[in-house]
Amino acid sequence: MTTLEAGLRHSATLAVTNGLTVPEVSPSFPAFADMPRVFATAYLVGFIEATCIEALHPYLAGGEGTVGTHIDVSHCAATPVGMTVLAEVELIGVEGRKLRFRVQCRDERDVIAEGFHERVIIDRDRFMTRILDKAVPHRNG
């Protein structure tokens, strides 16, 4: 397996459809219903995370994965339905299990987002054990 180090780059594209617009984020957020049909920041963040996950996949051992721990991204331009978004990520820091990416997204006209994203390498089994333990109701006394 190749060593994970700064300089790793990856990119991906995504066509913006009606299902990726602000009004479609979730019925749990009714305030979004009358918002413009543009690429939602929530889906932009998901796309950035997915692109980083794809970049890291060949470098992880069996049973390992990554989870997002920090996102600092400015969504600075709207993208209408029908355009394609390109996400470019570059691993700029590796400190043990902590990974830091520089990210930029562009549509066919503008840079629409840029900033940083951090992920941590996890052991999937240990992570799930902690999550299941957290979900168990705790009783006093």
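Here are some notes:
- Solvent-accessible area of CYS76, all protein chains in place: 80 Å² (probe radius 1.4 Å, heavy atoms, ligands and nucleic acids excluded).
- Figure note: GLU95, GLU24 ranked by solvent-accessible area, largest first, 1.4 Å probe, ligands and nucleic acids not counted: GLU95, GLU24.
- Spread over its residues, the convex hull of the C-alpha atoms of the chain is 148 Å³ per residue.
- If only the Cβ of Lys and Arg carry +1 and only the Cβ of Asp and Glu carry -1, the dipole of segment 35-96 around its Cα centre is close to 340 debye.
- In plain terms, if you count all Cα to Cα distances in segment 6-45 and split them into 5 Å steps from zero, the share in each step is 6, 23, 26, 16, 9, 7, 7, 5, 1 percent.
- Only Cα pairs under 8 Å and 6+ residues apart enter the sum, and on that basis the relative contact order of segment 82-141 stands at 25 percent.
- Residues HIS57, HIS70, HIS75, sorted by accessible area with the largest first, give HIS57, HIS70, HIS75 [1.4 Å probe; ligands and nucleic acids excluded].
- Our summary gives segment 1-88 a relative contact order of 46 percent, counting only alpha carbon pairs under 8 angstrom and 6 or more residues apart.
- Whole-Å distance, taken between Cα centres, linking segment 65-129 and segment 7-32: 13
- Take the chain with all the other protein chains still there, run a 1.4 Å probe, and you get 62 Å² of accessible area per residue.
- Annotation: ASP123 carries an accessible surface of approximately 70 Å², with a 1.4 Å probe and no ligand, DNA or RNA atoms counted.
- The chain - mean residue ellipticity at 222 nm from DSSP helices (-39,500 (n - 2.57) per run, n ≥ 4, rounded to 500): -6500 deg cm²/dmol
- Efficiency of FRET between GLU108 and THR41 - r from beta-carbon atoms, R0 22 angstrom, step 0.05: 0.70
- Carbon/sulfur fraction of accessible area - segment 21-106, other protein chains in place, 1.4 Å, %: 55
The values are calculated or read from the model by the stated rules, or taken from the named source; none is laboratory data. All of these numbers come straight from a predicted model, not from anything done at the bench. With ideal geometry, Cβ positions are generated from the backbone for all residues, glycine too; neighbour counts draw on all protein chains shown. These area figures cover heavy atoms from the full protein model, side chains too; ligands, DNA and RNA do not enter into them. Shrake-Rupley method; radii C 1.70, N 1.55, O 1.52, S 1.80 Å.
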